[in-house]
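The values are calculated or read from the model by the stated rules, or taken from the named source; none is laboratory data. None of these values were measured; they are calculated from a predicted model. Glycine also receives a Cβ, built like all others from the backbone with ideal geometry; neighbour counts cover every protein chain displayed.
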Amino acid sequence: MTVLSIIRDCLDALLHPSARYDALTRARHRAFMAPRLLGSLAAFAAFPVYLVLRGAPSAIEVAAFAWLVAPILLSWFLSRTGRYEGAHVLSSLALAGLIMAIAATTGGIESFAVIWLVVVPLEAALSASRRVAAFASLLALSCVGLLILLSQLGWLPDGELGAVDRGVMMALGVASATLYATGLAFGAESLTRTSVTLLSREEERYRLLARNMSDVISRHQRNGAAQFVSPAAEAMLGIPVAQLLGHGLFDRVHVADRPAYLTALSDAARGDVRSVEFRLRREASGSEPGQGNYHVDFIWVEMRCRPLDQDPGRDPAREAEVVAVMRDVTDRKLSEQALDQARSAAEAADAAKTRFLATMSHELRTPLNAIIGFSEMIAQEQTLMLAAGQRKEYAELINASGQHLLSVVNGILDMSKMESGNFEISAEPFAPRASLMHCCNLLALKARENGIDLITDAPQDLPVMTGDPRAFKQIVLNLVANAVKFTERGGQVTVSASASASQLTLRISDTGVGIAPDDLKRIGAPFFQCGKTYQRRHEGTGLGLSIVKSLVALHLGELTVQSKLGEGTAVTVKLPLVYMPPQAKPAESKVATLAPALRHEIQDQPAPVKKSA
């Protein structure tokens, strides 16, 4: 262990507790205490030698040596109180008092000790306080003025030194003052080097923090202009930090989120702590503006902002500034959206289950009750003495109920296959006009019983198309049956077909009850039926249009529904003339809710042909 390290450890033990945990403060306190303690100890050690060489000292010499205890007292004051500036003020007073005492007895303003007054403000400069330096300078000038005044008034005793001794003492005073000033210079340099080293370490820590943390730190004016943005913004937004300064960051905020962004900064400038979430535009890596690969997207960020701490010397009238920390929360937002979608899907599934149970409880129970009831009556025909005509009638009712039950089960199975992706299209060439006329003939009797005119317009030159003929018939039957079911007596259902170069267009329109705008948005959902359950006057599972929608999607076609409540509905189906199996699972068909179709639009059909039973 070296002598310097021993001295440093001893000084650290004397330091005030407030100075032990700050490197710069600790260095300043050591620089103040070390020369004073060492100087005083050296002076006391030299006092016996001085007595041997000089002889009996005079009163002024005894007072001067006694004054050397003052630096020890100043060091003790600093170690007990930690008041660095106060210690420098007392040190200036002590040094100036010692110089004045020596100068007053050794020639006044011409004394060799006067040169030491230059040291007083130099020593005070180590305090790094303007107030202390100004006080020390004013003190030194006051001492000079006082010595001049006392010398002019003749109130100072004449010096006892001869010319030779005076020259020697002057040289000794200048040399000692120069050496002391040199020590002060080295002390100032040491403090400056310590300060620079600490500042460099601090900057290195902040640089390490700024470069490696993912959060972006920024400094803003109240109007949102960015004065500083940390380097993490380059990784977050994909652009240099220089482009974000000023209003560059504000320009990248999504237009809809800019009011919230500015409001948060304004509130923070007034002293509040605010947190806001908004979207920021980000360039994708490797893309360049003006090039074909240029691509931008938006990320969600959370910004927490608060007012910037005011510097002591800052102008109070200057506009307040804000410091903000931004964090990329896109993954959290996506998780929240996925959670919302999952919740919506679960709610929709629960609603579908409820609709399914409500619908199936009626659609399955009614035919089953009929089958069980009439079969029991036939089984007890001897007891009930049923006639042959009654047995035939009951058998027909049982058969009709079974057929209805079979159609319900087939609809559920078909819908299940299509939703699970197991329904396959068996494509083959067929004549669409023949299939269309066959379906209309099957429903013509039901239309006549309901007092509805079923009109078919199918040109003779409809081209042969390639697709699934069974699925085509199911589409037509479901749409025409729905139109007949929801058209009042005396109404009209029109079925038309036309072909272009690449697709076949079917249009089934009616003058029925129509669909409400709110229900129109949900058309095609499984088990959904328009109107409230207790208001419905028609039987059905609500699967017809869902099956049509899925079959059209499997054919890569398009389904469009137009309707107006109380005036009728028009459904348009566009199918490709040549079905090409997709490479991937086909997307869901497009269902558009367009402007309501008016009654005169439904009735204005070209060349209608009325179908009879």
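Selection of the stretch 162-206 for residues being in contact (Cβ under 8 Å) with a residue 12 or more places away in the chain and among the aromatic types (Phe, Trp, Tyr) yields only Tyr180. Count of the stretch 452-477 residues, restricted to those that are among the hydroxyl-bearing types (Ser, Thr, Tyr), more than 14 Å from Pro576 (Cβ to Cβ) and surrounded by fewer than 17 Cβ atoms within 10 Å (Cβ to Cβ), is 0. Here Ala458 meets the list (1) in contact with a Lys or Arg (Cβ under 8 Å, 6 or more places away or on another chain); (2) aliphatic (A, V, I, L, M); (3) closer than 23 Å to Leu556 by Cα; (4) modelled with pLDDT of 90 or more almost entirely, failing just condition (4). Name the single residue that is surrounded by the most Cβ atoms within 10 Å (Cβ to Cβ) among those in the stretch 1-44 being hydrophobic (A, V, I, L, M, F, W, C) and at pLDDT 80 or above. That would be Phe32. Taking residues in the stretch 330-347 that are within 25 Å of Arg282 (Cα to Cα), and partners anywhere that are among the aromatic types (Phe, Trp, Tyr) and surrounded by 10 or more Cβ atoms within 10 Å (Cβ to Cβ), the pairs with Cβ atoms closer than 6 Å and at least 6 places apart or on different chains are Thr330/Trp300; Lys333/Trp300.
Residues that are modelled with pLDDT of 90 or more, assigned to a strand (DSSP E or B), hydrophobic (A, V, I, L, M, F, W, C) and over 28 Å from Val409 (Cα atoms) do occur in the stretch 502-524. Restricting attention to the stretch 378-389, the residues that are at pLDDT below 80, surrounded by 14 or more Cβ atoms within 10 Å (Cβ to Cβ) and either assigned to a helix (DSSP H, G or I) or assigned by TED's automatic domain parsing to the domain that holds Lys473 (or both) add up to 1.
Between Thr106, Thr81, the distinction of being over 19 Å from Gly187 (Cβ atoms), among the polar types (S, T, N, Q), touching a residue at least 60 places away in the same chain (Cβ under 8 Å) and crowded, with 16+ Cβ neighbours inside 10 Å belongs to Thr106 only.
One residue stands out among those in the stretch 17-34 that are without any contact (Cβ under 8 Å) to a residue 24 or more places away in the chain and part of a helix (DSSP H, G or I): the one that is nearest to the chain's Cα centre (by Cα), which is Arg26.
Of all residues in the stretch 554-568, those that are farther than 24 Å from Thr511 by Cβ, under 42 Å from the mean Cα position of the chain (by Cα) and buried (at least 20 other Cβ atoms within 10 Å of the Cβ) total 2. Applying the criterion of being part of a helix (DSSP H, G or I) and of a type in the set (S, T, N, Q) to the residues of the stretch 424-455, the residue that is modelled with the lowest pLDDT is Asn441.
Please pick out the residue among Leu209, Leu184 that is part of a helix (DSSP H, G or I) and loosely packed, with under 15 Cβ neighbours inside 10 Å. That would be Leu209, the only listed residue that is part of a helix (DSSP H, G or I) and loosely packed, with under 15 Cβ neighbours inside 10 Å. Just one of the numbered conditions (1) of a type in the set (Gly, Ala, Ser); (2) part of a strand (DSSP E or B); (3) out of contact with any Lys or Arg (no Cβ under 8 Å at 6 or more places or on another chain) is not true of Ala497; which one? Against the list (1) of a type in the set (Gly, Ala, Ser); (2) part of a strand (DSSP E or B); (3) out of contact with any Lys or Arg (no Cβ under 8 Å at 6 or more places or on another chain), Ala497 comes up short only on (3). Filtered by the rule that a residue be closer than 15 Å to Thr106 by Cβ and assigned to a helix (DSSP H, G or I), the stretch 39-61 gives Arg54, Ala59, Ile60, Glu61. Residues that are in contact with a strand residue (DSSP E or B) (Cβ under 8 Å, 6 or more places away or on another chain), in contact (Cβ under 8 Å) with a residue 40 or more places away in the chain, under 15 Å from Met326 (Cα atoms) and not acidic (Asp, Glu) within the stretch 210-226 comprise Ser214, Val216, Ile217, Ser218, Arg219, His220, listed in sequence order.
If only residues of the stretch 229-247 that are loosely packed, with under 15 Cβ neighbours inside 10 Å and without any contact (Cβ under 8 Å) to a residue 12 or more places away in the chain are counted, the one that is nearest to the chain's Cα centre (by Cα) is Pro240. Going residue by residue through the stretch 469-477, is there one that turns out to be in the same structural domain as Gly568 (by TED's automatic domain parsing), aromatic (Phe, Trp, Tyr) and within 27 Å of Leu556 (Cβ to Cβ)? The answer is yes; a qualifying residue exists. Of Ser361, Ser416, all but one fail to be of a type in the set (Gly, Ala, Ser), surrounded by 12 or more Cβ atoms within 10 Å (Cβ to Cβ) and either part of a helix (DSSP H, G or I) or at pLDDT below 65 (or both); the exception is Ser416.
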